[in-house]
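Contents: one structure, followed by commentary.
The values are calculated or read from the model by the stated rules, or taken from the named source; none is laboratory data. Since we're looking at a predicted model, the values are computed, not measured. Neighbour counts are summed over all protein chains in view; Cβ atoms, including those assigned to glycine, are modelled from backbone coordinates with ideal geometry.
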Amino acid sequence: MPKLRCIAVDDEPLALELLEDNIRQVPFLELVASCHNAFEAMDILHEQGADLIFLDIQMPGITGVQFLKSIQGQNTTPMVIFITAYEQYALEGFELDVVDYLLKPVAFERFLKSVNKAYDLFKLHQQTPPEQTATHFFVNANYALVKIRYDEILYIEGLKDYVKIYLSSARHPVITRMTLKGIEQKLPSHEFMRIHKSYIVSLDKIQSVRNLKIHIGEAVIPVGEQYVEEFMKAIGE
């Protein structure tokens, strides 16, 4: 039985603990992480991914609604179940195409009904994967959510637990806490390619290649030995 990988997000410790207990009782749910705010959830989502987010609405900083709007439209947007103490947010939640809306305190029977609905959608999605039509994604940088358009990315440099995203629209790179592997999973594979253990490039932005060195603007990026064969195939050589 495939499992739904879940992230729980709530700024109230007791509510988060109850949510964790409910998740652990369901065989087809796997708790990836518990977060106390949207920024933590954004980092986990980028680094590890998830199929389903249990999301509180009223949180300090970025609300659950703002967080959901920031991740919608990405290639791998997870399903969301809102959990809140305020019934008046139900309408807005459903307008954002969430799976369900649970009112605190959540009875386990109601929780189970909600996650069964999510699991049915998950299995359907696996059978008929949607086309990748996203144009952008968001990253957490300088205590804000920054929109990154795919068509503006020149190349990406990995630095341990951080990456630098170089854009055609900005003088300085966007720096965010994420692994190169994590951001690679968010990129359309037909447009971007890993060409070195520390670099991903936009194939469309390559200006020239000389002696296995890629020229993009003023940058000169080496092609790693283990990536040479696949790279040459990608550019038709």
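A few remarks follow.
- Applying the criterion of at least 3 residues that are of a type outside the set (A, V, I, L, M, F, W, C) and within 22 Å of the chain's Cα centre (by Cα) to the strands (runs of 3 or more DSSP E) found wholly in the stretch 133-237 leaves 153-159, 162-167.
- For the stretch 1-14, filtered to residues that are surrounded by 19 or more Cβ atoms within 10 Å (Cβ to Cβ) and out of contact with any Cys (no Cβ under 6 Å at 6 or more places or on another chain), the residue that is farthest from F82 (Cα to Cα) is L4.
- Residue within the stretch 151-161 that is under 21 Å from Q66 (Cα atoms), surrounded by fewer than 20 Cβ atoms within 10 Å (Cβ to Cβ), out of contact with any Asp or Glu (no Cβ under 9 Å at 6 or more places or on another chain) and not small (G, A, S) present: no
- Residue-level check: of (1) under 30 Å from R194 (Cβ atoms); (2) in contact (Cβ under 8 Å) with a residue 40 or more places away in the chain, A144 misses just (2).
- Filtered residue count, the stretch 195-215, keeping only those that are within 20 Å of S168 (Cβ to Cβ) and surrounded by 19 or more Cβ atoms within 10 Å (Cβ to Cβ): 8
- Qualifying residue in the stretch 24-37 (condition: among the aliphatic types (A, V, I, L, M) and assigned to a helix (DSSP H, G or I)): no
- Single residue of the stretch 48-95 satisfying the filter (of a type in the set (A, V, I, L, M), at pLDDT below 85 and surrounded by 14 or more Cβ atoms within 10 Å (Cβ to Cβ)) that is farthest from V146 (Cα to Cα): A90
- Tallying residues that are within 20 Å of S114 (Cα to Cα) and not in a helix (DSSP H, G or I) within the stretch 1-23 yields 10.
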